[in-house]
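Participant: Take a look at the following structure, please.
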Amino acid sequence: MTDRYDVLYKVVLVGDLGVGKTSILQRYKFGVFEENYKATIGVDFTVQTLTIDNKTVKIWDTSGQERFKAMIPKFYRDAHAALIVFDVTNTESFEGVGKWLQDVNYFSGLRTTSLLLGNKCDLINERKVKLCDAQSFALRNDMLDVIETSAKENSNIDEAFLQLSKELLKRE
Ligand code: GDP
Ligand code: MG
């Protein structure tokens with residue numbers, strides 16, 4: 001018999017380079033934030049194991065580098081969910097969301113649920129993407145929701161992972 005503690009999910013974390021994917025994961029898992037940019041060189045993706053709400057969730061984080069392209073099918077295969085991240089101060093990163101969503105839907109399978117995260121919401125004076133625009137994108141594209149986060153100030157990080165895990169459990 002499998003109890004709830006054994007449930008294992010695969011979640012992919014995607015979005016343009018520099019939007020804060022690794023920072024969000026580091027903040028959630030270790031409670032830390034690194035100001036200086038340190039891109040991981042030579043690694044296509046890393047996997048972090050989290051326990052959310054008594055469930056084991058493996059989060060696959062991309063490095064966002066070009067050579068990653070060859071790994072795409074393996075990266076997405078059998079993912080239960082995706083966290084698609086953009087940077088609220090970077091319009092291009094928001095425009096890139098559609099492409100990431102397309103990859104998720106194409107490579108992961110039909111039942112993948114996607115949650116949209118608008119990160120860096122602490123940079124209030126540099127904001128370019130309106131919450132209502134992100135919301136209407138999420139609605140139009142059957143995404144679960146949009147949550148504005150700050151890995152830097154620890155806003156809505158726990159909430160985002162909790163909402164994701166609740167949705168995963170619902171789908172069993
Ligand atoms: P990734 O390429 O998507 O993994 O992005 P990183 O996590 O490496 O972050 C890119 C840069 O953005 C780093 O300099 C981070 O310190 C910074 N950053 C990440 N999240 C936030 C945030 O919530 N607020 C602010 N102000 N900066 C952030
Ligand atoms: Mg990263």
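The values are calculated or read from the model by the stated rules, or taken from the named source; none is laboratory data. Please read all numbers here as calculations on a predicted model, not as lab measurements. Using ideal geometry, Cβ is built from the backbone for each residue, glycine included, and neighbour counts are taken over all protein chains shown. Surface accessibility is based on the protein's heavy atoms, side chains included, excluding ligands, DNA and RNA. Shrake-Rupley method; radii C 1.70, N 1.55, O 1.52, S 1.80 Å.
Participant: Per DSSP H run of n ≥ 4, the term is -39500 (n - 2.57); total these for the chain, divide by its residue number, and report the mean residue ellipticity at 222 nm rounded to 500 deg cm²/dmol.
Facilitator: That calculation yields -9500 deg cm²/dmol at 222 nm.
Participant: Rg to Rh for the chain: what is it, with Cα atoms only and Rh by Kirkwood?
Facilitator: In the chain, Rg relative to Rh is 0.94.
Participant: Which net charge results when you count Lys and Arg as +1 and Asp and Glu as -1 among the other residues whose beta-carbon is under 9 Å from that of L123?
Facilitator: 0
Participant: Further question on the same structure: Tally Lys/Arg at +1 and Asp/Glu at -1 over every other residue whose Cβ is under 13 Å from the Cβ of D87; what's the total?
Facilitator: Overall, the nearby charge balance is -1.
Participant: Here's something else I'd like to know. Take E153 and T56, extend 7 Å from each Cα along the Cα→Cβ direction, and tell me the distance between the two endpoints in nm.
Facilitator: For the pair E153/T56, the computed spacing is 3.7 nm.
Participant: Just for the chain, what percent of DSSP beta bridges are antiparallel, to the closest 5? Display every interim value, and only then the final one.
Facilitator: Details: 9 of 30 bridges.
Just about 30 percent of them are antiparallel.
Participant: May I pose another question? Checking the table K55/K130; K21/K99; K29/K170; K29/K130 against a 26 Å threshold on Cα-Cα, which pairs fail?
Facilitator: Distance filter (> 26 Å) returns K55/K130; K29/K130.
Participant: If eta is 0.890 mPa s and T is 25 °C, what Stokes-Einstein diffusion coefficient results for region 77-172, Kirkwood Rh from Cα pairs, in µm²/s?
Facilitator: The Stokes-Einstein estimate is 180 µm²/s.
Participant: Here is a follow-up. Report the label-to-label distance for K74 and V32 in nanometres (one decimal), using points 7 Å from each Cα along the Cα→Cβ vector.
Facilitator: Reported label-point gap for K74 and V32 is 2.8 nm.
Participant: Computing the accessible area with a 1.4 Å probe over protein heavy atoms, can you report the carbon and sulfur percentage for the chain? Intermediate values should be presented prior to the final figure.
Facilitator: Working: 4690 of 9410 Å².
Answer for the chain is 50 percent, counting heavy atoms of protein chains only.
Participant: I'd like the accessible area for K55: 1.4 Å probe, protein heavy atoms, all chains in place, Å² to the nearest 10.
Facilitator: 0 Å²
Participant: For D145, enumerate residues with amide H under 5 Å from its amide H, sequence gap 5+ or separate chain, H modeled in the peptide plane.
Facilitator: Residues meeting the amide H criterion: L116.
Participant: Below 8 Å between Cα atoms, with a sequence gap of 6+, how large is the relative contact order for the chain in percent?
Facilitator: Across the chain, relative contact order equals 25 percent.
Participant: If packing is taken as the average count of other Cβ atoms within 10 Å, what order do 94-104, 78-88, 128-138, 15-25 fall into, highest mean first?
Facilitator: Order by mean packing, descending: 78-88, 15-25, 94-104, 128-138.
Participant: Let me ask something else about it. Once you place label points 7 Å from the Cα toward the Cβ at S136 and L8, how far apart are they in nm?
Facilitator: Taking the two extended label points, one gets 4.3 nm.
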